[in-house]
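Notes follow once the structure below has been shown.
The values are calculated or read from the model by the stated rules, or taken from the named source; none is laboratory data. The shown structure was predicted, so the numbers you read here are calculated from the model rather than taken from an experiment. Reconstructed Cβ throughout: ideal geometry from the backbone, glycine too, with neighbour counts over all protein chains shown. Quick note on the areas: whole protein, heavy atoms, side chains included, nothing else; ligands and nucleic acids left out. Shrake-Rupley method; radii C 1.70, N 1.55, O 1.52, S 1.80 Å.
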Amino acid sequence: MTVPPCSVLLIDDEAMAEDLIGYHLSRQQGIRLRYHDRADDAVALCQQTEATVVLVDLRMPGADGFDVIGMLRAAPETEQVPIILLSSEDDADIKARAFALGANDYLVKWPDARELEARIRYHSAAYQARRQRDAAFLELRQREEELRASQAALHQSQKMEAIGQLTGGVAHDFNNVLQIIGGNLQLVKMMGGVNPQGMTRIDNALAGVERGARLAQHLLAFARRQPLQSTVVALEPVLANMDDMLRRVLGPRALVVADIAPQLWNTEVDIGQLNNAILNLAINARDAMNGEGTLTIRARNLPAGSPLPDHHGDSGADYVLIEIADTGQGMPEEVRLRAFEPFFTTKPTGQGTGLGLSMAYGFVKQSGGEIALQSTPGAGTCVQICLRRSLGKPTALPTTTTQPLSGGAETILVVEDEEAVRDATVGLLAALGYNVLSSADAEQAARLIEEGAHIDLLFSDVIMPGKVSSLELSRLVQRKLPKAQVLFTSGYAEGVLAHDGKLPPGVHLLHKPYTAEVLSARIRHLLRRGVPATAA
C-alpha cells in the first residue's frame, strides 16, 4: 500500500518539542518534519515547507496558537492546510475556541506517538485529496471552456462553409444571367441604329451588369470557388504602389501611413484579388472613420514558429503578415464575430453590401493563408492577413489597358449548354468577322471534330452536361488539331479546372460575364501566339 508523503511543520517555542515528536516521526516512511520557534512567520513558513499538516503549540510568547490558526486561515494560500493544536491543558472551552477558529484537531501534550502519526497521516491525506479534487475540478472547467470554444469555432466554420456553398451556386447562375443580358446589350450596340438616348440606356444597363459581376465575384471569392491565377509576387512594390489608390479612396481628410518592412519575402498570390481585398478593406476603414482618420498598412515577415493572429497557433512555415489598421469606431464583440459573413453589415440600408470582408476572408483562405480581425469599440479595427512565403522568382506585374474591339477570319467553335448565352456569344463573334460553329454540349462538339471540322480556337464552357466533359473535349481538339487554341469560360469552375483553387499554368479561363472587348482581346491574343494551350 502506497503511503502518501506528509510534510509536517511544527511551531513551538521549546526546542524539546522537536526532539519528542521528531524522534518517532523521523523513523516513519514518508514523513518530513520541519521545526520553527517563530509563530509570527507561520504563513511564510507554511508555504516554504509546503506543509500538509501544521502542529502548533497553544502557549507561546508573542503570537500564540490561536493567533497562528487565525493567520493561516486568513491567508488564501494556507486557508485549507490542516492544523493540529497542541496544549498541556485538557480544557473544553479551549478546545471549543480552537475548533471555532478553524483548527482541525486538538491533542494534549504529549500524545502517544502512534496516535500522533495516525492523526497526521489522516489530516495530510485528506488535505492532499482535497487539493487533487480541486485541481481536477479546475482542469474540468478549463476543458469545458476549451470544448465550448471549439464547438463555437466548429459551428462558425460549418456555418461559413454552408453559406459558401449556397453563395457559390447562386453566383454561378447569376453570372450566366448577367452574360445573357450583357451579351445581348453589346450585340445591340454593335448592330447600330440606336439613337443617343437609347445608347445611354444601353450603357447604363451594361454598367449595372458590371456592378452585378463584381458582386458575384465577391460571392465566389468568399465561397472559395473562384479559380485563382496565382503568380509569385514581390509584395514590397505592390503595397507601395497602392498608396495613391488608397488616398483617392479615403479622401482628402484621411491620412494613409505605409509601414513596409525592408526585404519583405515573396508570396504566391492572385495579385488582382489581393488588390481587391485591400481596396475593400480600405473602403470599410473609410466608412468606419467617417472619411477622416488614419489608415495604416503594415507588412513584415513572420518566420516559422511565430504566433499567428487570432490564436491560430504557431506558424509551421514562413509567412508574410499584412495589416490594415484604421482609427475608426471599432466593433463590439458580437459584431466582430460575424464580420466575415457575407451580406452582414451594420451600415444603413443602401450604403453597403456586406461583401467586402467576406471576399477578403474567402480569398485569403483559398490562397492558403490566415486572416484575423482585431477590433475594440472606440479604438479602431485591424485586419491581419498572413500569406505563405514563396521561394520562387517574382514575375512581372501585368499591365491593364483597354483595347478596342478586334476580330478576324478564323474559325471558332463555341460550346455552351445555356442556349441564350450561346446565341449571344455566337452573335458577338460573328459580328467580329469570325467563322463560328456552335454546339450545345461537348459530345456534339467532339463529333464535329472527329468528322473533320477544322477550327482555330475552341471556346468552351467548363461545366458540360452529357458523357463528354469540357476537359476531354479540349484534349481531343489538341490531339486532332495541335495548332488550335483552347479558351475556357465559366461563372464558376470549382474542382474542374482549378487544383487547390488555382489554375494550372497554360490553362486559359475567361470569367463570366465577359464584355465584347475582353472576349475579342483574349481570342486575338491566343490566336496570335500560334502555340497550343495546355490541357488541365
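Being at pLDDT below 90, open to solvent by 80 Å² or more (accessible area, probe 1.4 Å) and among the hydrophobic types (A, V, I, L, M, F, W, C): is that true of MET60 here? Considered against the rule, which asks whether it is at pLDDT below 90, open to solvent by 80 Å² or more (accessible area, probe 1.4 Å) and among the hydrophobic types (A, V, I, L, M, F, W, C), MET60 comes out as no. The condition (being among the polar types (S, T, N, Q) and in contact with an Asp or Glu (Cβ under 6 Å, 6 or more places away or on another chain)) is satisfied by just one residue among SER7, SER26: SER7.
Residues that are modelled with pLDDT of 90 or more, of a type outside the set (Asp, Glu) and in a loop (DSSP other than H, G, I, E, B) within segment 453-465 comprise ALA453, HIS454, ILE455, listed in sequence order. Within segment 159-187, the set of residues being at pLDDT 70 or above and open to solvent by 60 Å² or more (accessible area, probe 1.4 Å) comprises VAL170, ASP173, PHE174, VAL177, ILE181, ASN184. Could you list, in sequence order, all residues of segment 71-103 that are surrounded by 14 or more Cβ atoms within 10 Å (Cβ to Cβ), of a type outside the set (A, V, I, L, M) and closer than 19 Å to ILE21 by Cα? Across segment 71-103, the qualifying residues are PRO82, SER87.
The set of residues from segment 288-303 being closer than 11 Å to ASP259 by Cβ and not charged (D, E, K, R) comprises THR296, ILE297, ALA299. If we keep just the residues of segment 8-41 that are part of a strand (DSSP E or B) and touching a residue at least 60 places away in the same chain (Cβ under 8 Å), which is surrounded by the fewest Cβ atoms within 10 Å (Cβ to Cβ)? Within segment 8-41, the match that is surrounded by the fewest Cβ atoms within 10 Å (Cβ to Cβ) is ILE31. For segment 12-41, the tally of residues that are under 58 Å from the mean Cα position of the chain (by Cα) and not acidic (Asp, Glu) stands at 9.
Residues satisfying the criterion are absent from segment 87-109 (criterion: of a type in the set (D, E, K, R), out of contact with any strand residue (DSSP E or B) (no Cβ under 9 Å at 6 or more places or on another chain) and closer than 20 Å to VAL43 by Cα).
Considering only segment 207-230, I want to know if a residue exists there that is at pLDDT 75 or above, of a type in the set (A, V, I, L, M, F, W, C) and either open to solvent by 60 Å² or more (accessible area, probe 1.4 Å) or not in a helix (DSSP H, G or I) (or both). For segment 207-230, residues at pLDDT 75 or above, of a type in the set (A, V, I, L, M, F, W, C) and either open to solvent by 60 Å² or more (accessible area, probe 1.4 Å) or not in a helix (DSSP H, G or I) (or both): absent. Restricting the search to strands (runs of 3 or more DSSP E) fully inside segment 329-440 and requiring at least 2 residues that are at pLDDT 75 or above, open to solvent by less than 50 Å² (accessible area, probe 1.4 Å) and farther than 30 Å from GLN478 by Cα gives 370-376, 380-390. Residue-level analysis places THR52 among those that are open to solvent by less than 20 Å² (accessible area, probe 1.4 Å), in contact with a Phe, Trp or Tyr (Cβ under 6 Å, 6 or more places away or on another chain) and hydroxyl-bearing (Ser, Thr, Tyr).
Number of residues in segment 104-152 that are outside any helix (DSSP H, G or I), among the charged types (D, E, K, R) and surrounded by 12 or more Cβ atoms within 10 Å (Cβ to Cβ) equals 2. Is at least one residue of segment 466-478 closer than 28 Å to LEU185 by Cβ and either at pLDDT 85 or above or of a type in the set (Gly, Ala, Ser) (or both)? Yes, segment 466-478 contains a residue that is closer than 28 Å to LEU185 by Cβ and either at pLDDT 85 or above or of a type in the set (Gly, Ala, Ser) (or both). Of the residues screened, VAL68 is not one that is assigned to a strand (DSSP E or B), farther than 16 Å from GLU117 by Cβ, open to solvent by less than 10 Å² (accessible area, probe 1.4 Å) and β-branched (Val, Ile, Thr).
Matching residues to (1) among the acidic types (Asp, Glu); (2) at negative phi; (3) touching a strand residue (DSSP E or B) at 6+ places or on another chain (Cβ under 6 Å); (4) assigned to a helix (DSSP H, G or I):
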site: PRO252; (1), (2), (3), (4): no, yes, no, no
site: VAL256; (1), (2), (3), (4): no, yes, yes, no
site: GLY272; (1), (2), (3), (4): no, yes, no, yes
site: ALA277; (1), (2), (3), (4): no, yes, no, yes
site: LEU295; (1), (2), (3), (4): no, yes, yes, no
site: ALA299; (1), (2), (3), (4): no, yes, yes, no
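For segment 468-484, which residues satisfy the criterion of being closer than 26 Å to ILE180 by Cβ and open to solvent by 20 Å² or more (accessible area, probe 1.4 Å)? Result: VAL468, SER469, LEU471.
Matching residues to (1) open to solvent by 10 Å² or more (accessible area, probe 1.4 Å); (2) closer than 21 Å to LEU373 by Cα:
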{"residue": "ALA234", "(1), (2)": "yes, no"}
{"residue": "ASP243", "(1), (2)": "yes, no"}
{"residue": "ARG247", "(1), (2)": "yes, no"}
{"residue": "LEU250", "(1), (2)": "no, yes"}
{"residue": "ALA258", "(1), (2)": "yes, yes"}
{"residue": "ASN266", "(1), (2)": "yes, no"}
{"residue": "ASP270", "(1), (2)": "yes, no"}
{"residue": "LEU274", "(1), (2)": "no, yes"}
{"residue": "ALA285", "(1), (2)": "no, yes"}
